[in-house]
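Working notes, beginning with the structure itself.
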Amino acid sequence: MATLSARATEDSTAKLAEDPRCARGLAWIDKSAAWVTDQQIHLTEIPAPEFGESRRAEALKELFAASGFHVSIDTTGNVVAERRGSDPNGVVLLAAHIDTVFPQGTDVQVRRDGNRLVAPGISDNGAGISALVGLARALFESQVRTNKTVVLAGDVGEEGEGNLRGIRALVDRYGSRLSAVIAVDGPATDYITTQGIASRRLEASVAGPGGHSWSDFGEPNPITAIARGIVQFSAVRVPTDPRSSYNFGVIDGGTSVNSIPSSASVKVDLRSEDEAELARLESALRDAMQTGLRDELAKCDAPSDALQLAFRSIGTRPAGKLPADSPLLATVRSVDRTLGNRSRLESSSTDANLPLSLGIPAVAIGGGGTGGGAHTPEEWFNPAGRELGLKRLFLTVVSLAGVEP
């Protein structure tokens, strides 16, 4: 049974939805979902690999400006759109990352497969950035004025080795003025991410003498040493509680099939709900790679300095958790009840990690519709039901920002 406080919040949300201005915004969403999908296709077809998001940023800037926002692109590359409120000290920030995991040269043209749109990045995070475009227009059409400033940001550096540089710059920019941060990531409306999973991304590299595959056969091989280390680490127990994971995502090295490589490297993603477990996994990874190197040297009967192992940090994401009694969580849950949406609490690694680690109220939610195949060339999105996600964002924002009489 809902508490009196929850009922009061829910009643307030329901009344807000009936406000003529808010009702205009919700009505615009009902009739304009197809337009939002068109913008999603347009943005998805503009490549935005790691550290190469500028073309997509310029396109997003134009769309935000068309909805009456004050828009700029900051020195980090974030698209920052402000809709200023009457209170200069309050800011509600919604951020959707514009970068993708796919390298330059990937075919990002969207094709239709029945009801689905298929393209790399169409859901992650085409769904999120197009939801912000739809939200911007819904706020414009509603003509609602808010007490707090609403900031919509297409931020960079969420994927791969970006190390959350976009959201870091936004949090630095608004600082203590932030009353809430919402990361809009993917399409799903059946979750509220309230816990940020900590992660560490490392590159392990091995250097050696190299040589010819025939005349120098028997020399220690950096690729083989790394492979031995990977096998060694794969035997390490990874707990389900706290939930943890690892992934060997990129292996690089060598120059030709008939050359013993002089160097090789592997990039590894480690994640856990618990910082202590994450530290244990990193320690186990380092030990496993050292064992792989020693095993390769022993097999080749090579001196101990014939191979050199080095580690480099390529990304760190802090952990954080939203308190169960947070007004931000109460607001999102109230909006869900008003819209008849069932959602669960989740943990994940998103832009919300950073503000959560600093004690700033933050969640991550989806923009609407359904999707799958994230981070693969066959990634897909189905726009059916995306109105729910857009209305969820709209009511959450106006509830948090406060509507002027």
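Rule-based calculations on the coordinates, nothing more; no lab input. None of the values given here were measured: they were computed from a predicted structure. Glycine gets a Cβ as well: all are built from the backbone with ideal geometry, and neighbour counts include every protein chain shown.
The mean sequence separation of alpha-carbon pairs under 8 Å and at least six residues apart, normalised by the residue count of the stretch 221-327, gives a relative contact order of 33 percent. Scaling against 2.2 N^0.38 Å puts the C-alpha radius of gyration of the stretch 198-317 at 1.12. For the stretch 288-386, trypsin sites (Lys or Arg not before Pro) meeting the loop criterion (DSSP other than H, G, I, E, B) and having at most 10 other Cβ atoms within 10 Å: Arg342. Placing R0 at 22 angstrom, the Cβ-Cβ distance between Glu275 and Ala310 gives a FRET efficiency of 0.35 after rounding to 0.05.
Sorting Lys61, Lys391 from the fewest to the most surrounding beta carbons within 10 angstrom yields Lys61, Lys391. Placing unit charges on the Cβ atoms of the charged side chains and taking the dipole of the stretch 198-317 about its Cα centre, the candidate lying farthest along the positive direction among Asn221, Ser265, Ala306 is Ser265. Compared with the alpha-carbon gap, the fully stretched path from Glu62 to Ser234 is longer by 57.2 nm at 0.36 nm per residue.
The length gained on full extension between Ala384 and Phe51, counted as 0.36 nm times the residue separation minus their Cα-Cα distance, comes to 116.7 nm. Here the simple spin-label model places points 7 Å from the Cα toward Cβ, and for Asn247 and Ser283 these points are separated by 2.6 nm. Taking θ as phi - 60° and the Karplus parameters 6.51, -1.76 and 1.60, the scalar couplings of the stretch 45-59 work out to 7, 9, x, 9, x, 3, 6, x, 9, 5, 5, 5, 4, 5, 5 Hz in sequence order, x denoting glycine and proline. Net length available on complete extension from Arg112 to Asp325 is 72.4 nm, with 0.36 nm assigned per residue and the Cα-Cα distance removed. For the listed peptides 123-129, 113-119, 203-209, a ranking on the average number of other beta carbons within 10 Å per residue, highest first, reads 123-129, 203-209, 113-119. Averaging the sequence gap over all C-alpha pairs within less than 8 Å and six or more residues apart, then dividing by the number of residues, gives the chain a relative contact order of 24 percent. Once backbone amide H atoms are built at 1.01 Å from N, Ile192 has Arg344, Leu345, Glu346 as its partners under 5 Å, excluding neighbours fewer than 5 places away on the same chain. Kindly provide the GluC sites (Glu not before Pro) of the stretch 375-405 that DSSP labels as loop, not H, G, I, E or B, and whose Cβ sees at most 12 other Cβ atoms within 10 Å. Answer in residue order: Glu378. A cut-off of 5 Å between modelled amide H atoms, ignoring neighbours fewer than 5 places along the same chain, links Ala362 with Val181. Rule-of-thumb check for the chain: C-alpha Rg over 2.2 N^0.38 Å? This ratio for the chain stands at 1.11. Pairs exceeding a 26 Å alpha-carbon distance, out of Lys61/Lys321; Lys15/Lys61; Lys15/Lys148; Lys15/Lys321: Lys61/Lys321; Lys15/Lys61; Lys15/Lys321.
Across the stretch 325-339, coupling constants 3J(HN,Hα) worked out from phi with the 6.51/-1.76/1.60 Karplus curve, θ = phi - 60°, read 9, 5, x, 4, 5, 4, 5, 5, 5, 5, 4, 4, 5, 4, 8 Hz, and Gly and Pro carry x.
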